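Visitor: What follows is a single structure, and I will ask about it in a moment.
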Amino acid sequence: QVQLVESGGGLGQPGGSLRLSCAAYGSIFSIGSMGWYRQAPGKQRELVARIPTGGTTNYADSVRGRFTISRDNAKNTVYLQMNSLKPEDTAVYYCNAEIRRASWSPFQNYWGQGTQVTVSS
């Protein structure tokens, strides 16, 4: 059993900051790429940022320069630092990770339960 547990959502002010965390728990052999997605009401889920185990991160154009994704491999945790928040950042944010549960098993895709981020004055 593998779980992704998110925290850090809530209400942020325009121009303000919030930090999201997502920790992976359970039977984990290794974690590959990790990322954050978001879904606003009436819209499709979209990529916010993704970070591989090595190499460069990638960001949606709408958040590049404002959001920073990072990871702590020792803690199986990925973070999303969100600065210069805008009302259009309001959405449910979902953590995603590619996880191998054993050395012989393939990577499988896992999702967190989602955390609400609302940007409003």
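The values are calculated or read from the model by the stated rules, or taken from the named source; none is laboratory data. For clarity, every value in this text was computed on a predicted model and none was experimentally measured. Cβ placement follows ideal geometry from the backbone for every residue including glycine, while neighbour counts extend to all protein chains displayed. In case anyone asks, the SASA skips ligands and DNA or RNA and just uses the protein heavy atoms, side chains included. Shrake-Rupley method; radii C 1.70, N 1.55, O 1.52, S 1.80 Å.
Visitor: So which residues in the stretch 30-58 are loosely packed, with under 12 Cβ neighbours inside 10 Å and either aromatic (Phe, Trp, Tyr) or closer than 30 Å to SER103 by Cα (or both)?
Guide: GLY54, GLY55, THR56
Visitor: May I pose another question? Would you please list the contacts, defined by Cβ atoms under 7 Å and residues six or more apart or on different chains, that run from a residue in the stretch 29-55 that is without any contact (Cβ under 8 Å) to a residue 60 or more places away in the chain to a residue that is of a type in the set (Asp, Glu)?
Guide: Close Cβ pairs satisfying both conditions: TYR37/GLU46.
Visitor: Would it be correct to say that ALA23 is in contact with a helix residue (DSSP H, G or I) (Cβ under 8 Å, 6 or more places away or on another chain), of a type in the set (A, V, I, L, M) and part of a strand (DSSP E or B)?
Guide: Numbers: in contact with a helix residue (DSSP H, G or I) (Cβ under 8 Å, 6 or more places away or on another chain): yes; of a type in the set (A, V, I, L, M): yes; part of a strand (DSSP E or B): yes.
Criteria met by ALA23.
Visitor: Scan the stretch 76-120 for residues that are among the polar types (S, T, N, Q), outside any loop (DSSP other than H, G, I, E, B) and open to solvent by 70 Å² or more (accessible area, probe 1.4 Å) and report the count.
Guide: Looking only at that region, the number is 3.
Visitor: Would you mind telling me which numbered condition in (1) free of Cβ contacts under 8 Å to residues at least 24 places away in the same chain; (2) open to solvent by less than 60 Å² (accessible area, probe 1.4 Å); (3) part of a strand (DSSP E or B) THR68 fails?
Guide: (2)
Visitor: Let me ask another. Picking from TYR25, TYR59, which residue would you name as being out of contact with any Gly (no Cβ under 9 Å at 6 or more places or on another chain) and aromatic (Phe, Trp, Tyr)?
Guide: After ruling out the rest, the residue left standing is TYR25.
Visitor: Kindly check whether there is at least one residue in the stretch 41-49 that is assigned to a loop (DSSP other than H, G, I, E, B) and under 19 Å from VAL2 (Cα atoms). Give the derivation first.
Guide: If we filter the stretch 41-49 for residues that are assigned to a loop (DSSP other than H, G, I, E, B), which is where we start, we get 41-45.
Keeping just the survivors that are under 19 Å from VAL2 (Cα atoms) gives none.
Scanning the stretch 41-49 turns up no residue that is assigned to a loop (DSSP other than H, G, I, E, B) and under 19 Å from VAL2 (Cα atoms).
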